[in-house]
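First comes the structure, then the notes that go with it.
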Amino acid sequence: MGGGPRLDGGRPADVLAARRAAGERARARPPGVCGSARHGRGGPCRRPRSDHRRGGRALASRADERDGPPHPAAGRVRVPARARHAVAGRHQRGARARPHVQHRRCGAVHQRAARRHPPPAGTRMTTTEDSDQVLQRRANLEELRRLGVAPYPNRFDRQATVAEIVSAHGGKSAEELDAARITTRTAGRILAIRSFGKANFLVLGDGQARIQVYIREDSLPARDFRIFKLLDFGDWVGVEGRLFRTKTREFTVWASRLEFLAKCLLPLPEKWHGLTDVEIRFRQRYLDLIVNPEARQLFELRSRAVTAIREFLVARGFLEVETPMLQSLPGGALARPFVTHHNALDVPLYMRVAPELYLKRLVVGGIERVFEINRNFRNEGMSAQHNPEFTMLEFYWSYADYTDLMSLTEDLLVDVARQALGADELQYGDRAISLKAPFRRLRLREAVRAAASRRLGVEVAEGDLRARDRAAALAARLGIEVTPGMEAGAITVDIFERLCEDELVQPTFVHDFPTEVSPLSKQTQDDPETVERFELYVAGMEIANAFSELNDPAEQRRRFEAQLSARAAGQEQTHALDEDYVRALEYGMPPAAGAGIGIDRLVMLLTNSHSIRDVILFPLMRPR
RNA sequence: GGCCGGGUAGCUCAGUGGUAGAGCAGCGCACUUUUAAUGCGCGGGCCGCGGGUUCGAUCCCCGCCCCGGUCACCA
């Protein structure tokens, strides 16, 4: 993710997150940090300069060692004390440590490893199953079993979440905590271990908050302290203890009991830099969520936004429904569908590209206000703004037209921003965006006319966009290629996309589209070549597409037929003729307006994310 | 699909035509309020995969795989 400054809204106990956020802030102020973009693939280096200095010193001292006498223990097989009591895996590791070095030259070890774990060709393993760290963790698990500790118990009687404890008592002073003697039982994943022999600290995280746990040998049953000695970074534990503050004022649980809850067998990413490799973050989102608190916060924000949309619409009498995703005729949008097949029926089926035609059937059925928030699938190119499956809100509103929709859309966006962000202004990249209503309204042909005039230095008339050959000539002068099948309207939209989209930073309704590119929209009253349709642009992204719905079945049939002839004329992407949809309209659909809002792009906007993959938990990746 | 950048230890990253490095993580020792704990010591690498050039390739060349960016296609 591009780093959402909005997302680090302070949780006092979230020490590591706060520190990382401090690093983020420091990145904006070069003096404190390395700032080099050279050795990172995801932006400038976040490490403090002292890191590099320390690295340099360590390097120097290593060189010194090389010149000195060899260490007396060099060449001996070490069997660490921790492994001595009983851990078979450790003995094996110790025993094979030396041979491994010798065999490295002849390749014997490599061959053996390759036979056991043949790596897929051309890929990189993110975890090595028999690495030292994994063996160590397995050994610790076995040792727990030997102690009679169930390594995967069935339940734990948690009294409070970490977040609940922090919010209930995290504001209390040391004196208040000592006087109150509050005992609690909580649980979470170990995110840090700081050990001092008899005094030890864990940082426990439950996904929403983090809390420190103080482990003292003489405060715990011997069994529990033995458990502690076998813990690894990432294990799940339950803790019972009294709340207090350490000398350094850190809010802490003084553990009197420790329960083992589950083992983390694989080493986790680093505590300080976290996980930045975007490929691993997307493919193994669970790792991202474990170590990057801002990832969790982003998806919580996304959830809040969706909830806000739902509540907004329900409060206005809209009924939430679910319509088919498997369709025998994909319609409602111009897009290439995913094709599949139903075995029992032996028919081809398509993943839907839009729910539109089904939702309007429901309007025909008398559901006057209806909406659906769900997935659409389009078998097309992927980009920072396109994932093959994406989430869309569509809603339909009887007796309203597209001007009503503009007002409702404004209200909806402001409400969502306030619910999700607590503000109606946001920062996207280097630009401040205000979501305050009313949004700017701009006729499509006016937007194109103005942009083209500016670009060419001569006045372009609206008439230049009405006739096919004049529009094509204009496109040619602008250096935009036009295919033979394109009519004036399609050319106008093409020019708009090339010249205007990027400039629409503040929320703007671009409205009144050519009829020919809007086969489901209703014409304006005074101009049959123009429809009552708008698209909402924010930060150069198309966020919404909406129109007064065409409900004249004869006109709808003509529009579908025009699509068919456009296809015959060579245009690849056209709407199919949906006979049942036309039949539904023949039963009568009340005047209505409908809108589609891309939820992923909206969340990108709200979280200052510049790739759609940042806001989708499991974006599509090429399978490995 | 074209072009550009990248793939080195579990993670974050340096580096070189001549036996591969750091920090964190791991292991050992010390340490009873730490917090990127600290100090000392020790392990850990098919340098994405395959071929070529070379006495010798992680490095140079060719092909492939995967990721990112960008353009094109595509709404």
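Six or more apart or on different chains, Cβ atoms under 7 Å: show the pairs whose first residue is in region A:228-250 and touching a residue at least 12 places away in the same chain (Cβ under 8 Å) and whose second is assigned to a loop (DSSP other than H, G, I, E, B) and near RNA strand B (Cβ under 10 Å from one of its atoms). These pairs meet every condition: A:PHE233/A:LEU268; A:GLY234/A:LEU268; A:VAL237/A:LEU231. Only one of the listed residues (A:PRO553, A:PRO619, A:PRO591) is within 16 Å of RNA strand B (Cβ to nearest atom) and surrounded by fewer than 22 Cβ atoms within 10 Å (Cβ to Cβ). That residue is A:PRO619. Of the residues screened, A:VAL253 is one that is closer than 15 Å to A:ARG158 by Cα and of a type in the set (Val, Ile, Thr). A single entry from A:SER328, A:SER303 fulfils the requirement of being away from RNA strand B (no atom under 16 Å from the Cβ) and at pLDDT below 95: A:SER328.
Annotation: A:VAL339 fulfils all but one of (1) farther than 17 Å from A:ILE599 by Cβ; (2) modelled with pLDDT of 95 or more; the unmet one is (2).
Taking interchain pairs and intrachain pairs at least six residues apart, which have beta carbon atoms under 7 angstrom, with the first residue in region A:346-359 and within 12 Å of A:MET392 (Cα to Cα) and the second charged (D, E, K, R)? Within 7 Å, the pairs are A:VAL353/A:ARG378; A:PRO355/A:GLU372; A:PRO355/A:GLU394; A:GLU356/A:GLU394. Might you let me know whether region A:359-367 holds any residue that is within 16 Å of RNA strand B (Cβ to nearest atom), modelled with pLDDT of 95 or more and closer than 22 Å to A:GLU549 by Cβ? No: region A:359-367 contains no residue that is within 16 Å of RNA strand B (Cβ to nearest atom), modelled with pLDDT of 95 or more and closer than 22 Å to A:GLU549 by Cβ. For region A:355-369, residues that are under 12 Å from A:GLY594 (Cα atoms), in contact with a Pro (Cβ under 9 Å, 6 or more places away or on another chain) and buried (at least 18 other Cβ atoms within 10 Å of the Cβ) total 2.
Determine whether region A:502-511 contains at least one residue that is modelled with pLDDT under 90, surrounded by 22 or more Cβ atoms within 10 Å (Cβ to Cβ) and over 25 Å from A:GLU394 (Cα atoms). Write out each step before concluding.
Residues of region A:502-511 that are modelled with pLDDT under 90, as a first pass: A:502-503.
Then drop every residue that is not surrounded by 22 or more Cβ atoms within 10 Å (Cβ to Cβ), which leaves none.
No, region A:502-511 has no match at all.
Working carefully through the options A:ALA576, A:ALA566, A:ALA562, A:ALA595, find the one that is of a type in the set (Gly, Ala, Ser) and either assigned to a strand (DSSP E or B) or modelled with pLDDT of 95 or more (or both). The match here is A:ALA595.
Within region A:396-411, not a single residue is outside any loop (DSSP other than H, G, I, E, B), modelled with pLDDT of 95 or more and under 22 Å from the mean Cα position of the chain (by Cα). Scanning region A:481-493 for residues that are surrounded by fewer than 22 Cβ atoms within 10 Å (Cβ to Cβ), in contact with a strand residue (DSSP E or B) (Cβ under 9 Å, 6 or more places away or on another chain) and either within 16 Å of A:ALA450 (Cα to Cα) or among the charged types (D, E, K, R) (or both) gives A:GLU487, A:VAL493.
Of all residues in region A:521-544, those that are buried (at least 23 other Cβ atoms within 10 Å of the Cβ) and under 21 Å from A:ALA400 (Cβ atoms) total 8. Looking only at region A:176-232, residues that are on the phi > 0 side of the Ramachandran plot and near RNA strand B (Cβ under 8 Å from one of its atoms) come to 1 in all. Evaluating A:PHE496 against the criteria (1) at pLDDT 95 or above; (2) touching a strand residue (DSSP E or B) at 6+ places or on another chain (Cβ under 9 Å); (3) in a helix (DSSP H, G or I) leaves one unmet condition, (1). Whenever a residue of region A:441-455 is without any contact (Cβ under 8 Å) to a residue 12 or more places away in the chain, its partners that are not acidic (Asp, Glu), lying with C-beta atoms within less than 6 angstrom and at least six residues away or across chains, give the pairs A:SER453/A:VAL460. The set of residues in region A:259-297 that are more than 16 Å from RNA strand B (Cβ to nearest atom) and either more than 18 Å from A:PRO619 (Cα to Cα) or buried (at least 20 other Cβ atoms within 10 Å of the Cβ) (or both) comprises A:GLU259, A:LEU261, A:ALA262, A:GLN297.
Taken together, the residues in region A:152-184 that are crowded, with 17+ Cβ neighbours inside 10 Å, over 25 Å from A:LYS247 (Cβ atoms) and more than 28 Å from the chain's Cα centre (by Cα) amount to 1.
Within region A:380-395, not a single residue is surrounded by fewer than 16 Cβ atoms within 10 Å (Cβ to Cβ) and away from RNA strand B (no atom under 13 Å from the Cβ).
The values are calculated or read from the model by the stated rules, or taken from the named source; none is laboratory data. Here the structure is a predicted model, which means the values were calculated and not measured. In this analysis, Cβ positions are derived from the backbone assuming ideal geometry, glycine residues included, and neighbour counts consider all displayed protein chains.
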